[in-house]
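Accompanying notes for the structure given below.
The numbers here are math on the coordinates, done by the rules we state, and not lab data. Since the structure is predicted, the reported quantities are computational estimates derived from the model, not experimental observations. Glycine gets a Cβ as well: all are built from the backbone with ideal geometry, and neighbour counts include every protein chain shown.
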Amino acid sequence: MITLEALSKRYQKGAVKAVDELSLNVKAGEIFGFLGPNGAGKTTTIKMMVGLLVPDEGTVTINGSRMDQDPMAAKQSLSFVPDTPEIYDKLTGLEYLNFLGDVYRVPGPLRRSRIATLLDLFEMRQAVGDLIQSYSRGMRQKIVLTGALLHDPAVFILDEPMVGLDPRSSSHLKDYMRDHCARGNTVFFSTHVLDVAERFCDRIGIIHRGQLIATGTMAALRERAKQRESLESIFLELTGS
Amino acid sequence: MMFVRLLLLQLRVNFSLSALRWYWFNDRKKFLTSIGIMALIVASIGPLFYLYSIFVLETFAAAAPLGQTEVVLTSALVLTAFLIAMLNLGFVLSVFYYSRDLALLVSLPLRPGEILASKFGVVLVYNYLIILPFLLPAIGVFGFQSAIRWDYWLISGVVVLLAPVIPLVVVSLFLLVLMRLTNLSQKRDALRMMGLLGFFLGVLALNWIFGSVRPGEEATFIESVLLAQDGLIHFVSRMYPPALWATRALVASGLTQFYNLLGYLLLSGVGVIGLIEVGQRIFYEGLIGGEEVRRGRHLADDDLGRRLGRVHSPEWAIAMREIKYLIRTPIFFFNSLLILLALPAILLVPVVAGGTLEVVLSGLEAEVPRPVQLLGGGAFIGMMALFAPAASSSFSREGRQFWISQLIPLSARQHIRGKLLYAFLLAALALPVVLLGAWLWLPWRPLEIVIALGAGLILSFPMITLSLWIDLLRPYLDWDSPDKAIKQNINVLLAMLGGSVVFVGLYFWGRFLFERGQDPWMIYGGVLGVALLIGYVFWVLLYRLARIRYRFVDPPPNDEVRER
Ligand SMILES: Nc1ncnc2c1ncn2[C@@H]1O[C@H](COP(=O)(O)OP(=O)(O)O)[C@@H](O)[C@H]1O
Ligand SMILES: [Mg+2]
């Protein structure tokens, strides 16, 4: 579902190598956790995956479509929730959802039933008629999540999604992600909290200084950390935060 | 003194003086570019300044037989007061209530009155730039053409310095009260918008009422205005009496002069003090608070379906997003849509206020051939499309939300179509203005009106594609106050200059065709055909550029990264 091949990105005219030849394959039906400390390169990788940043080298393939060759198809099958979403706060929640429905071409009846379901899931029915600028941080997050799930994306990508979400919504989100994957879709999300990755994910990739240094289930990673000191120190860093 | 320091600091920040200094020492190239751009602005105002000076001279000559030449001073003062009231609504609002340093200033141990006074100072200084081109020609023409005493020049200095004060106080007071009254309402933005529009239309209406001569009263008008002593001056200053006092302070002598000068000074002084006093009480109450979340009501399924409405094409969705944003952000609204209203009003004011509308119209009909009139009407619509910076700031205004446009699965072509649709919908707002003008005053036949309106839409096309293209060349996305995206955006200025060049070119092309004795249809076809062609060229360029920009613009880093 997601294939990254030798993805690289430098910032500041090459001075900072944020992502370094990162290759990764995530299969359909998987919840994949992208775990790494702050500044490891998670956001940069994700921005390249969703087409917001053009990689210096390497390719991104989403649901069989290359981001550089057929961006329309790739984008149509993914959705993305950024870490601090800047969204249209002069629109009402409903107008925002309708806008996304129009640009992702979600047919009317389907749109209505999905919006109804998602609003119930996140308990947003009361606020959805108001301007987004009046929303709290958590409500903002929830309207972005609702919008992102509106077209039932094959690949659902989230950057640090649990920050600012209340426990109940976060547990609802987890259930929804399970469900979503059971229907053959893929969820990919980044976090710097080991705990979160452990609770949510089938498989985890650890990124450090732009490089993917290990992938596997949490149990397998813990096992390996006992042998590899570098991995263990990263684990310590991640549990600390 | 605290206040003086605050004011100086505000001026330095607002006029980028510190930035210029820094550029001078650190980045000579950027310094030269800034200076070059300023020179460009001055140069582009030059011709208008010249035309206006000629207009003043002719008014002076026309008033000479009536012995009322000082009317050039009165009209200039009334005109500037009117301009200030019209042009400053959005500006004062953004400086008083939406500037970025307010959060900081409010937390410092300053009195609200002090903050307000320093902000008022900034606005005042900006306004000297607006009024000088209007006041100087009048003062110069009168001064050099009449026998005056030395004190004329001295007092005219005082008058120029005071000229923006009273109208600005009125605008500021209105805004203070409006912001205070609406702050706690849930429909704050909408109410404020309506209030501002009301003020705007109110000033226009007053101007209309005071400026027009009722039918049947033309004879009394001539007798009381043209023939009576000082009649014209009284007439012109009916709407804004301080202009009369200032005129007398300039040209009268003895006690009359003294009392009028005193009155003018006192009113200005009392106005400023009153403003600061009122601000001391209610400035913060319009500024702070009102952010609480409204609990809406639970939306049932039927309701939800109804409010979601119909499914639209992606292009339509883009266009509607643009329009909603433009209308709902007060700063955007006032600097684009309202300009559409203000421009024709400003063009008409000198004519209507001078009571010379009939003369101008019959002159127009006699001197200007019909095809030229029609194309002129069309050009007016095209100018609206250009000078309401709705297209030339369109990408910039997306700001940090541009990532959404990059993320959604639309082709560059679809994005551009959406933007074009939006820009045309706005340009179409100028159609009723021309329609109304034609219907009220001009003897155009229905077919001719259709030609003018059609020409307007066609002439808007190159303006829109050119403006969008310029903005997309270097979209300014990393702004933090909406003001910067539209008023302090160099793209807007460049688009206006570029569009003006196109207009001038089209004008000479049309004139060439006309002088060659072409028949009207050839002239329409020639001018509009070239306009279409230019529009098409920029459309292609725009589309090509969009394919690159929507992919390669890096979203501005978020605050977290910026701080590292
Ligand atoms: N826009 C940018 N310009 C310059 N450097 C950046 C930018 N974005 C990120 N970086 C740098 O790239 C590295 C990776 O950052 P990021 O991808 O945001 O990490 P993470 O999301 O894992 O915290 C960091 O060193 C960060 O400072
Ligand atoms: Mg990050």
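Of note:
- FRET efficiency for residue B:38 and residue A:209, using Cβ-Cβ distance with R0 set to 35 Å, rounded to 0.05: 0.15
- The slack between residue B:62 and residue B:445, meaning 0.36 nm per residue of separation minus the straight C-alpha distance, is 134.5 nm.
- Debye equation applied to the C-alpha atoms of the stretch B:314-558, log10 I(q)/I(0) at 0.10, 0.13 Å⁻¹: -0.50, -0.81
- Listed residues B:476, B:502, B:464: farthest to the positive end of the dipole of the stretch B:436-528 (Cβ charges): B:502
- Shielding of peptide A:126-136 by partners, expressed as the average count of other chain Cβ atoms within 10 Å per residue Cβ, is 4.
- Förster-model FRET efficiency, 56 Å R0, residue A:224 and residue B:108, C-beta, rounded to 0.05: 0.50
- Taking label positions 7 Å along the Cα-Cβ direction at both residue B:270 and residue B:25, the computed distance is 4.8 nm, reported to one decimal.
- Relative contact order of chain B: 15 percent, from C-alpha pairs under 8 Å at least 6 residues apart in sequence.
- Label-to-label distance for residue A:16 and residue A:105 is 3.8 nm, based on points extended 7 Å past Cα in the beta-carbon direction.
- Only helices enter this figure: runs of n ≥ 4 DSSP H residues, each worth -39500 (n - 2.57), summed and divided by the residues of chain A, yield -12000 deg cm²/dmol at 222 nm to the nearest 500.
- Only Cα pairs under 8 Å and 6+ residues apart enter the sum, and on that basis the relative contact order of the stretch B:56-202 stands at 35 percent.
- Potential lengthening of the chain between residue B:194 and residue B:508 amounts to 108.9 nm, from the contour at 0.36 nm per residue minus the alpha-carbon distance.
- Fully extended contour minus Cα-Cα distance, from residue B:151 to residue B:177, at 0.36 nm per residue: 5.4 nm
- Here the stretch B:150-168 is scanned for amide nitrogen atoms under 17 Å from the site 7 Å beyond the Cα of residue B:258 along Cα-to-Cβ, giving B:151-152, B:155.
- When peptides B:176-183, B:363-370 are sorted by average Cβ neighbour count within 10 Å, with the highest value leading, the order is B:176-183, B:363-370.
- Modelled spin labels at residue B:367 and residue B:50, positioned 7 Å past Cα toward Cβ, are 1.7 nm from each other.
- Note on B:304-313: average number of Cβ atoms from other chains within 10 Å of each residue's Cβ is 6.
- Rg/Rh for chain A (Cα atoms only, Rh after Kirkwood) is 0.97.
- Here the scattering of the protein assembly as shown is modelled by Debye summation over its C-alpha atoms, one equal scatterer each and no solvent; at q = 0.05 Å⁻¹ the log10 of I(q)/I(0) is -0.34.
- Electrostatic tally near residue B:493: other residues with Cβ closer than 14 Å to its Cβ, Lys and Arg +1, Asp and Glu -1, net +2.
- Global geometry of the stretch B:33-85, whether rounded, prolate or oblate, following the gyration tensor of its Cα atoms and the 1.5 cut on a/c: oblate
- Inter-chain Cβ neighbour average for residues A:68-74, partner chain, 10 Å: 2
- Rounded to whole numbers, the Karplus 3J(HN,Hα) couplings from phi for the stretch B:232-243 are 5, 5, 4, 4, 5, 9, 4, 7, 9, x, x, 5 Hz, using 6.51 cos²θ - 1.76 cosθ + 1.60 with θ = phi - 60°, and x at Gly and Pro.
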